[in-house]
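The values are calculated or read from the model by the stated rules, or taken from the named source; none is laboratory data. If you're wondering where the values come from, they're calculated on a predicted model, not measured in any experiment. Here the Cβ positions follow ideal geometry from the backbone for every residue, glycine too, while neighbour counts run over all protein chains shown.
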Amino acid sequence: MKAPVVSGKEQEKNSETLMKAAIVSEFQQELELQDVPKPKPGPGQALVKIEACGVCHTDLHAVNGDWPVKPKLPLIPGHEGVGVVEKIGPGVTAVKVGDRVGIPWLYSACGECDYCLKGQETLCHNQENGGYSVDGAYAEYCLAAADYVAKIPESLSSVDAAPILCAGVTTYKALKVSGAKPGDWVAIYGIGGLGHVALQYAKAMGFNVVAVDIADEKLELAKKLGADVTVNGKKEDPAEAIQSQVGGVQAAISVAVTKVAFEQAYHSVKRGGSLVVVGLPHDELPIPIFNTVLNGVTVKGSIVGTRIDMKEALDFAARGKVKAQIETAPLSNVNSILDKMEKGEINGRIVLTFD
Ligand code: NAD
Ligand code: ZN
Ligand code: ZN
């Protein structure tokens, strides 16, 4: 797809029918900024004018084609999109024009299978994923499944809400399923976009927190955000440090993108504790069977969150208990942002903004 040549006369008409979008046409290539047709909402859909979209490491996995399940191509990534409903399609009752909504990774689910009926819609086999199986919010406009959008609380700006849509809900859910109780120690491995939000949820939920990363500036941020203990995995073995300093953690949440962090996270857990697997390096995790049995350790995968998890996660942010450290940037910077992410140079979250 090439950007169409636009004459001066047609400019005004085109501004109503075209939108700017960042597009992946081939894996491991730069995204192209193009003018593409503005989508029209079909039955059950809303057209959302995007105001902000966070850049998640999952977008980088999508661009690189890292995972066994590939995204559609061409693809508009982005699953932390927040904006205002501009049009609704036939049959939409969940939102109205003017509502501020978020379009998450769980773009839609079937609503009818056993998982959907049991409140486990993130496991639905017939789900769509925003910015992966369907186009996402690295664009001026994005279609949403009206029944599955997040309602953005009034007190939360679109920029502040964006990282909650994935980084927030994912880590809040991971802590919820970890089995840790207020007063317990938890460890967060990887203080990046997800991790720096995770540790704030952990504090707000009443846990004591060990923050682990391999970059000192991220551990500085962790301290500023309330981490009780910080460990640099390049300077000491985090599992040994955690076992000796706090007697092991009830839950270790790994949101890093390297296998070694998962191994260390596993060995940080105390008897009866759990490792919650959230980060998505394409790797195997070797687990000692004997220790797992004798120590009664649980290993759990956790994927984003349901609509009710989302509502709760947004409420923490709306009450000021959780706030991502954000740098904003225009959509045109997307390639340099992904490059910085690849090198581990982003402290907090970068949120794309739209004029
Ligand atoms: P990010 O790049 O912002 O953060 C990754 C962090 O890990 C960085 O701070 C980096 O310094 C740190 N790190 C690297 N090596 C480490 C090590 N050995 N020990 C400790 N920390 C280390 O990425 P992000 O946006 O936070 O996403 C993290 C991962 O989570 C990605 O793989 C992403 O796809 C995945 N993810 C999963 C879900 C889910 O539902 N399970 C949802 C969103 C993202
Ligand atoms: Zn994400
Ligand atoms: Zn379903």
(request) Just name the residue that is surrounded by the most Cβ atoms within 10 Å (Cβ to Cβ) out of those in region 283-305 that are part of a loop (DSSP other than H, G, I, E, B) and within 16 Å of ligand 2 (Cβ to nearest atom). (result) GLY305
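Yes or no, residue by residue, for (1) more than 23 Å from GLN34 (Cα to Cα); (2) within 16 Å of ligand 3 (Cβ to nearest atom); (3) modelled with pLDDT under 95:
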site: LEU117; (1), (2), (3): yes, yes, no
site: TYR132; (1), (2), (3): no, no, no
site: GLU140; (1), (2), (3): no, no, no
site: ASP147; (1), (2), (3): yes, yes, no
site: ALA150; (1), (2), (3): yes, no, no
site: PRO163; (1), (2), (3): yes, no, no
(message) I need a count of the residues in region 308-344 that are under 30 Å from LEU31 (Cβ atoms) and either in a loop (DSSP other than H, G, I, E, B) or not assigned by TED's automatic domain parsing to the domain that holds ILE23 (or both).
(response) 6
(message) With the structure loaded, tell me whether LEU175 is outside the structural domain of ILE337 (by TED's automatic domain parsing) and within 8 Å of ligand 1 (Cβ to nearest atom) or whether it fails that test.
(response) no
(request) Give region 215-224 a look and list any residue that's touching a residue at least 40 places away in the same chain (Cβ under 8 Å) and surrounded by fewer than 20 Cβ atoms within 10 Å (Cβ to Cβ), or say none. (result) ALA215, GLU217
(message) I need a count of the residues in region 176-208 that are surrounded by fewer than 24 Cβ atoms within 10 Å (Cβ to Cβ) and part of a strand (DSSP E or B).
(response) 1
(message) Against the condition more than 19 Å from ALA174 (Cβ to Cβ), of a type in the set (Gly, Ala, Ser) and touching a Pro at 6+ places or on another chain (Cβ under 7 Å), how does ALA318 come out, does it pass?
(response) yes
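Residues are listed down the side, and each one gets a yes or a no for (1) over 21 Å from GLY233 (Cβ atoms); (2) within 16 Å of ligand 2 (Cβ to nearest atom); (3) not polar (S, T, N, Q):
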position: ALA161; (1), (2), (3): yes, yes, yes
position: LEU165; (1), (2), (3): yes, yes, yes
position: TYR172; (1), (2), (3): yes, yes, yes
position: GLY183; (1), (2), (3): yes, no, yes
position: LEU194; (1), (2), (3): no, yes, yes
position: MET205; (1), (2), (3): yes, no, yes
position: ALA211; (1), (2), (3): no, no, yes
